[in-house]
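Q: Structure in structure tokens, see below.
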């Protein structure tokens with residue numbers, strides 16, 4: 001196993017997530033694509049940690065932190081989507097122009 | 001390294017199978033018209049990443065992904081879909097933007113640059129063997145990484161309270 005194969009897979013998953021964020025209209029699906037990008041980053045972090053073999057397991061610890069922050073982000077993000085849906089009866093990101101000047 | 005030599009390693013065959021599964025499921029996540037199917041495909045993608053973590057000797061991270069991401073986050077998404085009445089039927093036109101080609105172009109550019117950079121930087125440097133046990137990870141979390149650990153637990157607490165406050169019905173005057 002080489003490092004590059006994991007990094008290329010991570011890049012592939014990340015770019016699929018980028019496509020999803022840009023192409024999806026529904027806010028829940030945008031959050032799903034963000035989750036995909038975070039999973040790709042986790043693959044990269046753990047692969048680089050296994051490559052470096054540093055004594056403090058930095059790659060895996062960072063992956064754990066990313067998982068935690070992703071869970072927090074999903075909780076907050078879904079609550080915000082829920083609130084927007086309740087107020088505007090729509091969860092499409094291109095109809096949310098409240099903060100457009 | 002020759003491709004025949006590379007594919008001769010059984011672990012690389014496992015890697016190829018898992019990578020193909022993850023890529024296919026990720027494509028389903030971003031292209032399907034059925035929202036529930038997208039969430040289930042995301043669960044399979046995360047399961048594939050857990051298999052990769054096991055291959056890389058990261059046991060605890062693998063089980064954490066299964067517990068937290070597949071167990072909690074996916075269920076949370078399903079609840080979000082049910083509550084926001086995101087179109088779950090087969091049809092709905094309004095799930096994607098009309099112009100997908102610019103998005104695909106940007107994604108392709110991101111992939112080309114990052115994949116090229118990682119191949120150039122690492123070549124065929126091998127991954128060293130070695131498993132980090134959960135006990136070792138716990139020791140590290142409570143000694144060297146104790147401050148970030150406490151901070152991230154505080155972030156999680158704040159996010160949970162914020163989620164509850166945002167999502168509950170107003171009962172004020």
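Q: Do we find that residue A:78 is at the interface with chain B (Cβ under 9 Å from one of its Cβ atoms) and surrounded by 19 or more Cβ atoms within 10 Å (Cβ to Cβ) in this structure?
A: Judged against the criteria, residue A:78 is a match.
Q: Something else: Could you check segment A:11-67 and list, in sequence order, the residues that are more than 7 Å from chain B (Cβ to nearest Cβ) and closer than 24 Å to residue B:136 by Cβ?
A: A:41, A:44, A:45, A:48, A:49, A:52, A:54, A:55, A:58, A:59, A:62, A:66
Q: Assess whether residue A:94 counts as being modelled with pLDDT under 90, out of contact with any strand residue (DSSP E or B) (no Cβ under 7 Å at 6 or more places or on another chain) and outside any helix (DSSP H, G or I).
A: Judged against the criteria, residue A:94 is not a match.
Q: Given the structure, is residue B:25 free of Cβ contacts under 8 Å to residues at least 24 places away in the same chain, within 10 Å of another protein chain (Cβ to nearest Cβ) and buried (at least 17 other Cβ atoms within 10 Å of the Cβ)?
A: yes
Q: Name the residues in segment B:92-108 that are more than 8 Å from chain A (Cβ to nearest Cβ) and modelled with pLDDT of 90 or more, would you?
A: The answer is B:105, and nothing else.
Q: Of the residues in segment B:61-83, how many are within 22 Å of residue A:60 (Cβ to Cβ) and within 7 Å of another protein chain (Cβ to nearest Cβ)?
A: 7
Q: Just need a number here: residues in segment A:81-101 that are more than 7 Å from every other protein chain (Cβ to nearest Cβ) and surrounded by 19 or more Cβ atoms within 10 Å (Cβ to Cβ).
A: Of the residues in that region, 1 qualify.
Q: How many residues does segment A:19-32 hold that are surrounded by fewer than 24 Cβ atoms within 10 Å (Cβ to Cβ) and free of Cβ contacts under 8 Å to residues at least 40 places away in the same chain?
A: So the answer is 2.
Q: For segment B:29-42, give me each residue that is surrounded by fewer than 20 Cβ atoms within 10 Å (Cβ to Cβ) and either facing chain A (nearest Cβ under 10 Å) or modelled with pLDDT of 95 or more (or both).
A: Within segment B:29-42, B:31, B:32 meet the criteria.
Per-residue answers, yes or no, for (1) closer than 25 Å to residue B:126 by Cβ; (2) in contact with a helix residue (DSSP H, G or I) (Cβ under 6 Å, 6 or more places away or on another chain); (3) in contact (Cβ under 8 Å) with a residue 40 or more places away in the chain; (4) crowded, with 17+ Cβ neighbours inside 10 Å:
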{"residue": "A:36", "(1), (2), (3), (4)": "no, yes, no, yes"}
{"residue": "A:45", "(1), (2), (3), (4)": "yes, yes, no, yes"}
{"residue": "A:52", "(1), (2), (3), (4)": "yes, no, no, no"}
{"residue": "A:62", "(1), (2), (3), (4)": "yes, yes, no, yes"}
{"residue": "A:72", "(1), (2), (3), (4)": "no, yes, no, yes"}
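The values are calculated or read from the model by the stated rules, or taken from the named source; none is laboratory data. Here the structure is a predicted model, which is why all the values come from computation and not from measurement. Because the Cβ atoms are built from the backbone with ideal geometry, glycine has one as well, and the counts that use them run over all protein chains shown.
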